Amino acid sequence: MLKAEQFTISGDIILHKPDKLSVPNKMAFQNNHVTFSRRGIMDGFFKCVPLGLGVFAYGLVFGILAIQAGLSPVQAQLMSLVVFAGASQLMALELWGPHLPVLTIILTTFVVNLRHLLMGAAMRDWLVRISPGKSYFSLYFMTDESWALSVKEMVSGKKDAAFLLGSGLCIYFFWNFSTFLGSTMSFWIDRYLSDPSVLGLDFAFTAVFIALLTFFWKGKSQVPVWMMAAMVAWIAFILLPGKWYIIFGGLAGGITGACRNA
Amino acid sequence: MPDNQSLLVFITIFCMAGATYFTRAGGLFIVSRINPSPRFRAFLAHMPSSILVAIIVPNLMGEGASELMAAIIAGLVAVLTRNLILSLLSGLLAVSLLRNFVFI
């Protein structure tokens, strides 16, 4: 059976001591009738509102930066509607330019979102007991925040799998609404300010990524991983064309982490 | 913007969506067959933050003293407040003050 895991908002994994969690978890699903009701959707939606407000801030930042990176408001909104993944959307903006590095953007998106594989897998106790259509529809809306809330419900023995969909829809609503506000705001700033570098907006990406990075800090074990990522990225930046240094740095950090943790 | 460029933008966005949904749906699909090893989990866990490092470091290497100091300020505010907006605003304020008044 899958070990219960929990992700923090920033997408990092905390492994629980399995002896404590797996037993009540197993017992809760001995009598395993899982439902998928409208009440479950509402319950998930409203319980997720506080987390949605946090996502709202990120969406505002995404909307503002998307316009600065050269997307139109429609394109920014489309990205939030169909991709719906904060970290990878922000990273895509960093790569955005007049000559779109399409392959690098798609690869980076994929690699950044690999953690979803584990998150989806961890929801198995609910998702294998409802119809595949409902499961795979719910998974479209799964985010770090709604997942964390849903897995808590599932492990505590709740039986309504629609909670995952409801909490995901809540995040979807806040993410798209804030993208709209941010991009509209940014559009007008662009219109009336001939040189946005006066505001330091060109520095905004770096500031956002530094802030996000500090949220990932989980202790000293991170130091060698990040050092390796920085070194490899720097070397690749000098040696290779385009933005490949991002993928190489990320892989180097991941491999370093894997070698040290196993 | 020329037409083929905006077509490329739409293709990119939809491919991003496809790649993202693949990761969201793939976990449930795989889970009954393979159980990821602790080593692979650690790899996945360390990748997102390493990508951030890989974006930030080469970006800052090419910049001047204003950007480096503003980066430190933005990082400190993020650590102290754990608030993205505050950290962004203080980074922007710092970089525009430093650029215009200190390191001209």
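Observations
- Under the span-like rule (Cα at least 30 Å along the axis, Kyte-Doolittle mean at least -1.0), DSSP H helices of chain B: B:3-31, B:38-61
- Equivalent ellipsoid of the protein assembly as shown: semi-axes from √(5λ) of the C-alpha gyration tensor, largest first, are 35, 23, 19 Å.
- Rg and Dmax [Cα atoms of region A:71-122; Å; Rg one decimal, Dmax integer]: 12.0, 40
- Residues A:M231 and A:M42, FRET efficiency given R0 of 51 Å [Cβ-Cβ distance, rounded to 0.05]: 0.55
- The magnitude of the dipole of the protein assembly as shown, with charges of +1 and -1 set on the Cβ of Lys/Arg and Asp/Glu and taken from the Cα centre, is near 1480 debye.
- In this rough spin-label picture, where each label sits 7 Å from Cα along the Cβ direction, the B:L7-B:A65 distance is 5.1 nm.
- Largest-first principal axis extents, alpha carbons of region A:68-224, Å: 56, 40, 28
- Shape category assigned to region B:36-94 from the gyration tensor of Cα positions, a/c cut at 1.5: oblate
- Equivalent-ellipsoid semi-axes of chain B, from the Cα gyration tensor, Å, largest first: 37, 23, 13
- Filtered chymotrypsin sites (Phe, Trp or Tyr not before Pro), region B:5-104: DSSP coil and at most 15 other beta carbons within 10 Å: B:F103
- Charge-dipole axis of the protein assembly as shown as Lys and Arg at +1 and Asp and Glu at -1 on Cβ define it, positive-most pick from A:P241, A:L164, B:L89: A:L164
- Inter-chain shielding of B:79-89 (mean C-beta neighbours from other protein chains, 10 Å cut-off): 5
- Taking the Cα centre of chain B as origin and assigning +1 to Lys and Arg Cβ atoms and -1 to Asp and Glu Cβ atoms, the resulting dipole is close to 540 debye.
Rule-based calculations on the coordinates, nothing more; no lab input. Computed from a prediction, not measured in an experiment: that's the story for all the values here. Cβ: placed from backbone, ideal geometry, glycine included. Neighbour counts: every protein chain shown.
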